[in-house]
Amino acid sequence: MKTIVELIQEIGALKSKAHEKDFLLTWEQTPDELEQVLKVAEALKRMRGDNISTKVFRSGLGVSIFRDNSTRTRFSYASALNLLGLAQQDLDEGKSQIAHGETVRETANMISFCADVIGIRDDMFLGAGNAYMREVGAALDDGFAQGVLPQRPALVNLQCDIDHPTQSMADLAWLQEHFGSLDKLRGKKLAMTWAYSPSYGKPLSVPQGIIGLMTRFGMDVTLAHPQGYDLIPEVVEVAARNAAASGGRFHQVKTMEEAFAGADIVYPKSWAPYKVMQTRTELLRADDRDGLKALEKQCLALNAGHKHWHCTEDMMRLTSGGQALYMHCLPADISGVSCPEGEVQDSVFERYRIATYKEASWKPYVIAAMILARKFTDPARILARLLEEAKPRVK
Amino acid sequence: MKTIVELIQEIGALKSKAHEKDFLLTWEQTPDELEQVLKVAEALKRMRGDNISTKVFRSGLGVSIFRDNSTRTRFSYASALNLLGLAQQDLDEGKSQIAHGETVRETANMISFCADVIGIRDDMFLGAGNAYMREVGAALDDGFAQGVLPQRPALVNLQCDIDHPTQSMADLAWLQEHFGSLDKLRGKKLAMTWAYSPSYGKPLSVPQGIIGLMTRFGMDVTLAHPQGYDLIPEVVEVAARNAAASGGRFHQVKTMEEAFAGADIVYPKSWAPYKVMQTRTELLRADDRDGLKALEKQCLALNAGHKHWHCTEDMMRLTSGGQALYMHCLPADISGVSCPEGEVQDSVFERYRIATYKEASWKPYVIAAMILARKFTDPARILARLLEEAKPRVK
Amino acid sequence: MKTIVELIQEIGALKSKAHEKDFLLTWEQTPDELEQVLKVAEALKRMRGDNISTKVFRSGLGVSIFRDNSTRTRFSYASALNLLGLAQQDLDEGKSQIAHGETVRETANMISFCADVIGIRDDMFLGAGNAYMREVGAALDDGFAQGVLPQRPALVNLQCDIDHPTQSMADLAWLQEHFGSLDKLRGKKLAMTWAYSPSYGKPLSVPQGIIGLMTRFGMDVTLAHPQGYDLIPEVVEVAARNAAASGGRFHQVKTMEEAFAGADIVYPKSWAPYKVMQTRTELLRADDRDGLKALEKQCLALNAGHKHWHCTEDMMRLTSGGQALYMHCLPADISGVSCPEGEVQDSVFERYRIATYKEASWKPYVIAAMILARKFTDPARILARLLEEAKPRVK
């Protein structure tokens, strides 16, 4: 196993301009920049395990804007801030005056006088979440350029309508841990498949994030979903281009069985069809509650026709040696546990339960690494200093 | 008065396995372990008074889960975390996805990747609160054993259906301060009595906590309540056994007058009958609002028959020298102040108001001491180091 | 430009008893005390800009009590606490038991065992907000005198029914920055005028705060509003007395045009008439929703008669050289942007937008300075030590 010193040397050798751009879509980052985040995350996790403080900020705020419910990401973000020495401050749009006509531009500046990071989750409206983040980013650029803000806060996408980079990067960090290295992922077959769930309106950002990221490092990625459950077409194109560029493979099939056949990794997860999400966005904007109820009913009925998209023991037997790694962003809809019929059979989930927890455990470190990459031109130097000082986290 | 150095020496001399168990019920802790918490709390309070920083964590999260309203305990817990250097992160089950089917096991791990402590208040459902805490504890044990969590967070009971250990331990710390030492409490007569209140459904955890703890150190504890206002029978048995073991006394009487006669300490407080709480639990689970309203009406009518359970000046004259120490966990129902007729006459409360504030002031330090006792095998060594370094809390 | 060392020397030369009183109304502070806050704020802002940590607390809580919505002030307060090393803890009266009959006296003590600061926003009820703050202050004095509290928390008015000192002091800091010095503000003509807004019930505290503060340093302050839109008469008298004492001027005119004529600074902003606020307070207390709706309708109709109170380009041309500095506490009602017709024409606002952001950016530092002034007898000595140690805020 590499020493932390060796890891830091590797980080220093990567070429990165990550300090010049926010982390909004993984496909806007170069392979070196993505690798930097993975390695910095690993260094931070290991330092913490060795009781070494990773506080690079003596003070400063990390702002969070959650426009949708969240447990995991909320705690991961709070943990990341805490790891680095920042205090969390939530912008609760219910409590604040934002509903009363403040512009995004103004608010972005008002919350940032002492902010080093802003994390945003906005995945409710198709076409709006990522766009909102860019609007905030532009306002921050302007505020910094005009001398309003003494620093440009890092902007981290905590899930939008297009991508869920903190999730997909944590997933990749877990795959790297599980299989031994990024190199060992080359050629591995990953099945990103739709699965049945009795709930509705689940965002597209996880499957999109997975196909957009896992195609970057030479993996063989298969996407499968029932007819009509398409993802955003542009993201599917991104995945295809990524695979071509990385020497990997990306293709789509029409059944879970085909996708699972020979897979090394399976990621069965429910999502709503792209077109349903578009209609839903229009109804949400129009605050058309009857329309939303009708759409939900219609969508649930549609879902119900696809209950056989179920990650069962039989399905798992189709995978490579019957031993594929099961992945999930959690919470999973477990048949007979969290719902009568769901995404995954209980015995399958239980066998991989601890694995999914370990998958999730990377998120705080990945987020912290994204922040370091944006705030410092040379994260390796900062890490080296932390290691040298070796202040104990706990007395 | 002892020096802090002497206090730390005494802490070091106590035998404790507190680092191996959560603080869920005071009667699961040995006398030495309880004494350790009291002495560590005192050391922390005095260090803070001497402007000495007690931060033992450079970073780390303290999670709070409040399933019922709280001001005092919320602030005490936040203060305890801050005293030790931890940042608070609230799990708001309304905001989070917990309502959407996550299991306790999963959530306990998801919030704990960077958590050193979890404090839980869950006192709404009889038979459920303490059980929930143990379920969380088992999930944390599992997560730590399986390598998901890099540390096992300490679990602190911030009030459950059975016990309210942070309250009763703060009460004991206050009694120790007031009477001079734990030894001086031997033989002191404490009256834990029901008192009338125009409200309904107050938890049993305070009276249960008091009779369960105060019988551990040789006190003479009397429990009194109107017929039908029983506590959980098992806890009453615990109190009887404790008294026998500690050389103290525990008995029950049927009137406030008998309990107050010759008492050194009185703790008059309203609670709901055990059986009403059982029915209420069933109705809450069934979400039977009409049933709950009917039960409230019935219970308030029942209460109204016992308005003479009132801590008046006349009643206080029955106590030892007419000078018993009045205690309350606050807020008290003060007749003519917070309600027309309540638990305590206004002049009695006003005379002891500052005393009840001092009683409450121990809570942050008691909670911090519980955390230290769980997280460190040798808290005395940690305190000695803090004292030696003597970093100023305020410049 | 002054060095930070020179600034600290100037702070040390000012006579201040600010450590003996809370910051509740600017007119309770002497000119030296106000100047101290301005200079400390500037020193803190410059140290942060130079990456010097300004943490004077190693631990401690800063409590916030927001009885009305807030974004700007909430973040400014959180930033101020963070700058100094305190952790924020919000007293959410919805979540807490305060609604259940706790007295202010008790709560003030219960939240303060480990608190160094309490910031309160309470501007809903005329005659109540500032009074509530004083009640809290008296309870804290009592708790400290009686030995309940180990320290007397500083109390900061984050907006009340009478004054908004963190806003007006930030405004003054901005004017000082913009015009070069406090001295250069002497004789400058400031127009504090009412402006039309399609919303209702905006508090009086901003215009009152402005006329109460800006008259302290020799400025020529004009107040203008439509008939019936009076401010609290006592505050208007304060402004007149202040102007007389400082060698400035204060007078009232009946049109925006008169106020703008030759003005160096304009502050056009909507507020509700004093008498409407009185009626509203009575209706709010009585929870008379129909009455409130009727009052709103009536007040909006009243407002609609004064749409020509509009800060247009034409209006700006009346000011000194057509170049007056436009100020606003934000968010402004911008015609055609946040509402069809509002306080200010869009092109005017856009020209001064960055200026209003800079105005707002002073708030965190002003609040931190108020805290330092209350907690330390000699803030200059503390700042000198921070500068000498020069610990980097960011590694």
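The values are calculated or read from the model by the stated rules, or taken from the named source; none is laboratory data. Please read all numbers here as calculations on a predicted model, not as lab measurements. Glycine also receives a Cβ, built like all others from the backbone with ideal geometry; neighbour counts cover every protein chain displayed.
Observations on the model:
- Of A:ARG216, A:ARG186, all but one fail to be modelled with pLDDT of 95 or more and over 17 Å from A:GLY262 (Cα atoms); the exception is A:ARG216.
- Counted residues, segment A:298-347 - those being in contact with a strand residue (DSSP E or B) (Cβ under 6 Å, 6 or more places away or on another chain) and not hydroxyl-bearing (Ser, Thr, Tyr): 14
- Taking (1) over 15 Å from A:ARG374 (Cα atoms); (2) crowded, with 21+ Cβ neighbours inside 10 Å in turn, A:GLY119 satisfies each apart from (1).
- Residue match in segment C:121-136 (condition: within 24 Å of C:TYR274 (Cβ to Cβ), among the polar types (S, T, N, Q) and either in a helix (DSSP H, G or I) or in the same structural domain as C:VAL206 (by TED's automatic domain parsing) (or both)): yes
- Within segment C:18-73, considering residues that are modelled with pLDDT under 95 and over 19 Å from C:VAL136 (Cα atoms), the one nearest to the chain's Cα centre (by Cα): C:THR73
- Of the residues making up segment A:316-342, those that are touching a Pro at 6+ places or on another chain (Cβ under 8 Å) and either in a helix (DSSP H, G or I) or charged (D, E, K, R) (or both) are A:ASP333, A:GLU341.
- The lone criterion from (1) buried (at least 21 other Cβ atoms within 10 Å of the Cβ); (2) outside any loop (DSSP other than H, G, I, E, B); (3) out of contact with any helix residue (DSSP H, G or I) (no Cβ under 7 Å at 6 or more places or on another chain) left unmet by C:ALA355 is number (1).
Table: residues versus (1) of a type in the set (S, T, N, Q); (2) assigned to a helix (DSSP H, G or I); (3) surrounded by fewer than 22 Cβ atoms within 10 Å (Cβ to Cβ); (4) not assigned by TED's automatic domain parsing to the domain that holds B:LEU86.
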site: B:LYS15; (1), (2), (3), (4): no, no, yes, no
site: B:TRP27; (1), (2), (3), (4): no, yes, yes, no
site: B:GLU33; (1), (2), (3), (4): no, yes, yes, no
site: B:VAL37; (1), (2), (3), (4): no, yes, no, no
site: B:ALA41; (1), (2), (3), (4): no, yes, no, no
site: B:LEU44; (1), (2), (3), (4): no, yes, no, no
site: B:THR54; (1), (2), (3), (4): yes, no, no, no
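- The residues of segment B:60-87 that are facing another protein chain (nearest Cβ under 7 Å) and in a strand (DSSP E or B), listed by number, are B:LEU61, B:ALA87.
- Among the conditions (1) modelled with pLDDT under 95; (2) surrounded by fewer than 14 Cβ atoms within 10 Å (Cβ to Cβ), the only one that C:THR281 does not satisfy is (2).
- Residues in segment C:383-395 that are among the hydrophobic types (A, V, I, L, M, F, W, C) and either within 10 Å of chain A (Cβ to nearest Cβ) or surrounded by 22 or more Cβ atoms within 10 Å (Cβ to Cβ) (or both) were compared, and the one that is nearest to C:SER53 (Cα to Cα) is C:VAL394.
- Number of the condition not met by A:TRP309 [criteria: (1) away from every other protein chain (no Cβ under 13 Å); (2) closer than 21 Å to A:ASP123 by Cα; (3) not in a helix (DSSP H, G or I)]: (2)
- Unmet criterion (only one of (1) without any contact (Cβ under 8 Å) to a residue 40 or more places away in the chain; (2) among the charged types (D, E, K, R); (3) in a helix (DSSP H, G or I); (4) more than 8 Å from every other protein chain (Cβ to nearest Cβ)) for A:ARG152: (3)
- Residue match in segment C:287-303 (condition: on the phi < 0 side of the Ramachandran plot and within 21 Å of the chain's Cα centre (by Cα)): no
- Enumerated helices (runs of 4 or more DSSP H) restricted to segment A:185-291, each holding at least 3 residues that are under 18 Å from A:GLY305 (Cβ atoms): A:274-285
- Subset of segment A:335-352 [surrounded by 14 or more Cβ atoms within 10 Å (Cβ to Cβ) and modelled with pLDDT under 95]: A:VAL337, A:SER338, A:CYS339
- Of everything listed in (1) buried (at least 24 other Cβ atoms within 10 Å of the Cβ); (2) under 30 Å from B:GLU93 (Cα atoms); (3) touching a residue at least 24 places away in the same chain (Cβ under 8 Å); (4) aliphatic (A, V, I, L, M), the single unmet condition for A:ALA78 is (3).
- Any hit, segment B:117-124, residues being under 30 Å from B:GLN89 (Cβ atoms), in contact with a Pro (Cβ under 6 Å, 6 or more places away or on another chain) and within 14 Å of chain A (Cβ to nearest Cβ): yes
- For segment C:38-59, a residue qualifies if it is facing another protein chain (nearest Cβ under 7 Å) and within 30 Å of B:GLY49 (Cβ to Cβ), and the qualifying residues are C:SER53, C:LYS55, C:VAL56, C:PHE57, C:ARG58, C:SER59.
- Looking only at segment C:343-352, and only at residues there that are charged (D, E, K, R) and part of a helix (DSSP H, G or I), the one that is farthest from the other protein chains (Cβ to nearest Cβ): C:ARG351
- Restricting attention to segment C:358-380, the residues that are more than 10 Å from every other protein chain (Cβ to nearest Cβ), assigned to a loop (DSSP other than H, G, I, E, B) and surrounded by 19 or more Cβ atoms within 10 Å (Cβ to Cβ) total 0.
- Residue within segment B:165-182 that is touching a residue at least 12 places away in the same chain (Cβ under 8 Å), crowded, with 23+ Cβ neighbours inside 10 Å, assigned to a loop (DSSP other than H, G, I, E, B) and β-branched (Val, Ile, Thr) present: no
- Qualifying residue in segment A:198-209 (condition: under 30 Å from A:VAL40 (Cα atoms), touching a residue at least 60 places away in the same chain (Cβ under 8 Å), in contact with a helix residue (DSSP H, G or I) (Cβ under 8 Å, 6 or more places away or on another chain) and among the aliphatic types (A, V, I, L, M)): yes
- Any hit, segment A:107-116, residues being within 24 Å of C:CYS339 (Cα to Cα), outside any helix (DSSP H, G or I) and over 22 Å from the mean Cα position of the chain (by Cα): yes
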